[in-house]
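Trainee: Take this structure first; my questions come after.
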Amino acid sequence: MKAQFSLNFRDYNRNQFDFQCLLILICFVFSWLFIYLTTNDELCKAIFIQNSLISTWTIIYSIRIILPHSTKYSFAFMIFQCTVTILNGSAILMMLFYEDFGLCLLLVLSLFLSKSIFIAGPTLCPKTCSFIEWLLISMGCSGFFLSINLHWWSHFEDVINRPIYTFDYVVVCECLLLFGMIVSILQIIPWSTTITTTTQFYISLITIFSSVFLPQAYFFLNQNPFIWLFNYIINKSHRVYLLLFWLITSLFSLLIINLHLKFTKNLNIKHEKTIIRKYFHFLAIIVYTSGILLDTHLLIMCSVAFIVLLLLLECMKIKNIAPFGNIIRNAWNMYENEKDTGSIMVSHLFLIIGLSYPVWLADDNRRLAQLSGIISVGIGDSIASIVGSKIGIHKWPGAKRTLEGSLAGLIAQFNFIACLWYFDIIPYSQYNLFFVSLGLLFTTQIEAFSHDIDNLTLPISLFPFLYACKT
């Protein structure tokens with residue numbers, strides 16, 4: 001029975017994992033490698049080591065999935081697996097001898113957390129994410145666990161010897177994200193049979209906010225987090241205007257969507273959902289481009305706050321929390337796509353995370369890398385989808401995407417970057433042109449031939465190419 005289960009598990013993941021997924025994983029690791037080589041931040045280096053250890057295990061697992069099930073490869077694969085295991089173990093032992101014991105312990109715990117999420121996620125939430133998406137989620141969660149613990153324990157020199165420096169807005173974002181994740185996890189666990197789900201939700205919301213978010217925020221900021229946020233916004237006048245601009249733009253976009261639904265003559269619901277989702281993509285282009293060019297720190301805070309809000313709204317929709325559960329469900333149904341087949345709708349979350357991921361990783365000296373999400377998802381994917389659905393005729397061999405859509409997306413992305421070069425927002429050079437062209441061609445190929453590409457993975461594919469550009 002165990003052998004049959006293993007065979008079925010491999011066959012299922014073989015359908016989920018392909019060569020494009022392996023390329024995305026390599027791009028993810030290369031992104032952190034570039035950051036590791038260009039930064040002196042100890043936290044970034046620790047996360048890179050963590051991702052490297054996770055990736056080696058995943059590559060072994062991926063090769064085992066892709067290779068045919070035959071005894072011919074058993075001995076060679078066993079030797080390879082033992083070699084990588086020894087190398088990983090040696091890396092941990094070297095860190096124990098030459099690095100902080102506390103850092104090594106957190107690293108090991110984060111590795112176990114990543115593997116646990118990767119195994120438990122598909123079981124608790126089936127058909128929600130693909131293989132590569134669960135892998136990236138597990139890496140992101142374990143990296144978040146490592147980050148917030150290093151920020152916490154670095155205040156105690158007996159545990160972490162090296163200082164971990166960071167900005168106040170970063171630890172506030174971490175505290176807020178931890179609050180949202182704990183509340184979301186508590187909705188999965190039925191911790192009471194006598195209290196209604198609505199009451200459970202609001203009790204957990206208030207309890208976790210007052211016992212987790214507020215104490216940690218006070219600890220890191222040494223002041224009331226609400227007073228800190230107020231001073232942070234009014235400290236620079238452009239932040240107030242930027243927030244007002246985002247609010248007005250969002251309301252205007254909702255008005256356009258309502259008018260589109262009211263006056264449309266096309267009864268193809270699937271097509272209308274696609275068009276409406278692209279409205280939000282174009283809204284994201286405006287919000288994220290203005291935020292990256294004017295104030296990335298404010299954009300990072302708002303993106304994390306919006307992700308937490310979407311997590312809580314998704315919990316309210318699933319649990320049908322009064323009085324907003326049915327309202328959220330009816331509103332969300334209009335924006336779901338064919339990939340939202342599981343118990344949790346993730347496409348809108350992946351859109352925000354995909355757009356925010358480059359902004360979180362790249363600093364302000366690498367504007368082009370920060371725009372990776374906007375270029376790949378906001379512009380390339382949107383234009384390709386619209387043109388492909390309207391006039392697309394010729395399909396890529398063995399793929400659902402059309403040549404017309406891919407070409408339109410490629411041209412739109414390059415024109416956007418050319419405008420940045422023309423207005424001297426991003427420095428132009430032949431070196432940058434080479435990496436931009438290589439990155440755009442690579443992401444076009446990834447989007448055309450992979451079956452599990454979504455808003456989360458396209459920015460990861462483009463990011464290392466744009467990060468390599470000179471600033």
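The values are calculated or read from the model by the stated rules, or taken from the named source; none is laboratory data. Since we're looking at a predicted model, the values are computed, not measured. Ideal geometry is used to build each Cβ from the backbone, glycine not excepted, and the neighbour counts take in all protein chains shown.
Trainee: Test Ala331 against the criterion of being out of contact with any helix residue (DSSP H, G or I) (no Cβ under 7 Å at 6 or more places or on another chain) and either surrounded by fewer than 17 Cβ atoms within 10 Å (Cβ to Cβ) or modelled with pLDDT of 85 or more (or both), and give yes or no.
Mentor: Numbers: out of contact with any helix residue (DSSP H, G or I) (no Cβ under 7 Å at 6 or more places or on another chain): yes; either surrounded by fewer than 17 Cβ atoms within 10 Å (Cβ to Cβ) or modelled with pLDDT of 85 or more (or both): yes.
Here the answer is yes, as Ala331 does meet what is asked.
Trainee: Let me ask something additional. Quick check: anything in region 450-467 surrounded by fewer than 22 Cβ atoms within 10 Å (Cβ to Cβ) and assigned to a helix (DSSP H, G or I)? Step through it out loud before you land on a result.
Mentor: So the first thing to find is which residues in region 450-467 are surrounded by fewer than 22 Cβ atoms within 10 Å (Cβ to Cβ), and the list is 451-452, 454.
Right, trim to assigned to a helix (DSSP H, G or I) and you get none.
No, because not a single residue in region 450-467 is surrounded by fewer than 22 Cβ atoms within 10 Å (Cβ to Cβ) and assigned to a helix (DSSP H, G or I).
Trainee: Shifting gears a bit: Can you tell me which residue among Ile425, Ile446, Ile386, Ile393 is out of contact with any Phe, Trp or Tyr (no Cβ under 6 Å at 6 or more places or on another chain), of a type outside the set (D, E, K, R) and free of Cβ contacts under 8 Å to residues at least 60 places away in the same chain? Working first, answer last.
Mentor: Values: Ile425 fails: free of Cβ contacts under 8 Å to residues at least 60 places away in the same chain; Ile446 fails: free of Cβ contacts under 8 Å to residues at least 60 places away in the same chain; Ile386 fails: free of Cβ contacts under 8 Å to residues at least 60 places away in the same chain.
That would be Ile393, the only listed residue that is out of contact with any Phe, Trp or Tyr (no Cβ under 6 Å at 6 or more places or on another chain), of a type outside the set (D, E, K, R) and free of Cβ contacts under 8 Å to residues at least 60 places away in the same chain.
Trainee: May I ask you to say which residue of Trp228, Trp246 is modelled with pLDDT of 85 or more, touching a Cys at 6+ places or on another chain (Cβ under 8 Å), surrounded by 13 or more Cβ atoms within 10 Å (Cβ to Cβ) and part of a helix (DSSP H, G or I)? Don't jump to the end; show me each part of the working.
Mentor: Numbers: Trp228 fails: touching a Cys at 6+ places or on another chain (Cβ under 8 Å).
Being modelled with pLDDT of 85 or more, touching a Cys at 6+ places or on another chain (Cβ under 8 Å), surrounded by 13 or more Cβ atoms within 10 Å (Cβ to Cβ) and part of a helix (DSSP H, G or I) holds for just one of Trp228, Trp246, which is Trp246.
Trainee: Also, I was wondering about something else. Considering only region 405-420, I want to know if a residue exists there that is in contact with a Cys (Cβ under 8 Å, 6 or more places away or on another chain), of a type in the set (Val, Ile, Thr) and in a helix (DSSP H, G or I). Quick ask: steps written out before the conclusion?
Mentor: Looking only at region 405-420, we keep the residues that are in contact with a Cys (Cβ under 8 Å, 6 or more places away or on another chain), and these are none.
Checked region 405-420: no residue is in contact with a Cys (Cβ under 8 Å, 6 or more places away or on another chain), of a type in the set (Val, Ile, Thr) and in a helix (DSSP H, G or I).
Trainee: Does region 444-460 contain at least one residue that is in contact with a helix residue (DSSP H, G or I) (Cβ under 7 Å, 6 or more places away or on another chain), modelled with pLDDT of 90 or more and of a type in the set (Phe, Trp, Tyr)?
Mentor: No, because not a single residue in region 444-460 is in contact with a helix residue (DSSP H, G or I) (Cβ under 7 Å, 6 or more places away or on another chain), modelled with pLDDT of 90 or more and of a type in the set (Phe, Trp, Tyr).
Trainee: Somewhere in region 278-297, is a residue surrounded by 17 or more Cβ atoms within 10 Å (Cβ to Cβ), outside any helix (DSSP H, G or I) and at pLDDT 90 or above?
Mentor: Checked against the condition, which is being surrounded by 17 or more Cβ atoms within 10 Å (Cβ to Cβ), outside any helix (DSSP H, G or I) and at pLDDT 90 or above, region 278-297 yields at least one hit.
Trainee: Let me ask something else about it. When region 344-397 is examined, which residues are found to be under 18 Å from the mean Cα position of the chain (by Cα) and not in a helix (DSSP H, G or I)?
Mentor: Matches in region 344-397: Ile344, Met345, Val346, Ala362, Asp363, Leu371.
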